[in-house]
């Protein structure tokens with residue numbers, strides 16, 4: 001049974017060249033990211049325990065290995081693709097996109113109560129989005145879909161409020177084997193709903209900084225998978 005599921009995943013990935021390429025790139029980037037994260041944390045704790053000042057952006061082993069892997073910058077892709085009226089689904093109570101994109105309107109929906117005027121409380125996946133059909137030019141969601149049930153609940157609602165020719169960006173940041181299955185779940189839901197879309201998949205790099213009020217920043221690179229879903233009807 002497990003072999004049959006693996007064969008199904010492989011056949012779908014083979015069918016879409018951008019998926020196959022992105023997954024391969026992601027799998028190359030992921031081990032370096034984990035190693036870098038562990039080294040950064042260890043380096044920082046060692047320095048804090050010894051109360052020594054941190055060197056600005058120290059040379060963390062593994063950084064140079066990213067030069068051999070071609071991947072887009074996360075913020076560059078978000079700036080390029082998110083335009084007009086933008087919805088962030090499941091923002092986690094953080095207005096992250098406000099610091100990245102300059103758009104006509106930015107609305108965040110999340111299950112957490114927020115005081116900011118651009119946050120609306122919605123139990124994503126259980127409640128309908130409180131917007132009319134074809135309201136947004138662009139929609140972004142990060143790490144809200146990690147199962148078939150969530151894909152079934154979230155994707156149709158997101159595409160309902162997305163304009164024709166608008167783009168839905170689904171960002172995934174899990175273990176590589178989980179990424180593959182989540183992509184398959186998303187494609188299956190879209191096919192079953194009969195939604196006319198075009199899909200492009202990219203592996204992207206997010207340059208992450210660990211900040212501390214007393215010490216300089218530490219940098220490491222974190223990969224993500226971006227599903228760029230364009231609505232055609």
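Assorted remarks:
- Scanning the range 192-209 for residues being modelled with pLDDT under 65 and surrounded by fewer than 16 Cβ atoms within 10 Å (Cβ to Cβ) gives a total of 1.
- Unmet criterion (only one of (1) modelled with pLDDT of 85 or more; (2) under 25 Å from residue 79 (Cβ atoms)) for residue 189: (2)
- Failed item, numbered, when residue 179 is tested on (1) crowded, with 21+ Cβ neighbours inside 10 Å; (2) over 26 Å from residue 102 (Cβ atoms); (3) at pLDDT 85 or above: (3)
One line per residue, one yes/no per condition, for (1) more than 19 Å from residue 29 (Cβ to Cβ); (2) buried (at least 22 other Cβ atoms within 10 Å of the Cβ); (3) touching a strand residue (DSSP E or B) at 6+ places or on another chain (Cβ under 9 Å); (4) modelled with pLDDT under 80:
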{"site": "152", "(1), (2), (3), (4)": "yes, no, no, no"}
{"site": "164", "(1), (2), (3), (4)": "yes, no, yes, no"}
{"site": "211", "(1), (2), (3), (4)": "yes, no, yes, yes"}
{"site": "216", "(1), (2), (3), (4)": "yes, no, no, yes"}
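- The range 125-184, residues that are under 20 Å from residue 201 (Cα atoms) and in a loop (DSSP other than H, G, I, E, B): 143, 144, 145, 146, 147, 173, 174, 175
Residue-wise test of (1) in contact (Cβ under 8 Å) with a residue 12 or more places away in the chain; (2) within 18 Å of the chain's Cα centre (by Cα).
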| residue | (1), (2) |
| --- | --- |
| 120 | yes, no |
| 127 | no, no |
| 135 | yes, no |
| 154 | yes, yes |
| 164 | yes, no |
| 167 | yes, yes |
| 170 | yes, yes |
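- Only one of 108, 57, 49, 32 that is more than 26 Å from residue 151 (Cα to Cα), in contact with a helix residue (DSSP H, G or I) (Cβ under 9 Å, 6 or more places away or on another chain) and either at pLDDT below 70 or not in a loop (DSSP other than H, G, I, E, B) (or both): 32
- Qualifying residue in the range 130-149 (condition: surrounded by 15 or more Cβ atoms within 10 Å (Cβ to Cβ), touching a helix residue (DSSP H, G or I) at 6+ places or on another chain (Cβ under 8 Å) and over 25 Å from residue 80 (Cβ atoms)): yes
The values are calculated or read from the model by the stated rules, or taken from the named source; none is laboratory data. This is a predicted model, so every value here is computed, not measured. A quick note on method: Cβ atoms are made from the backbone with ideal geometry, for glycine too, and the neighbour counts reach across all protein chains shown.
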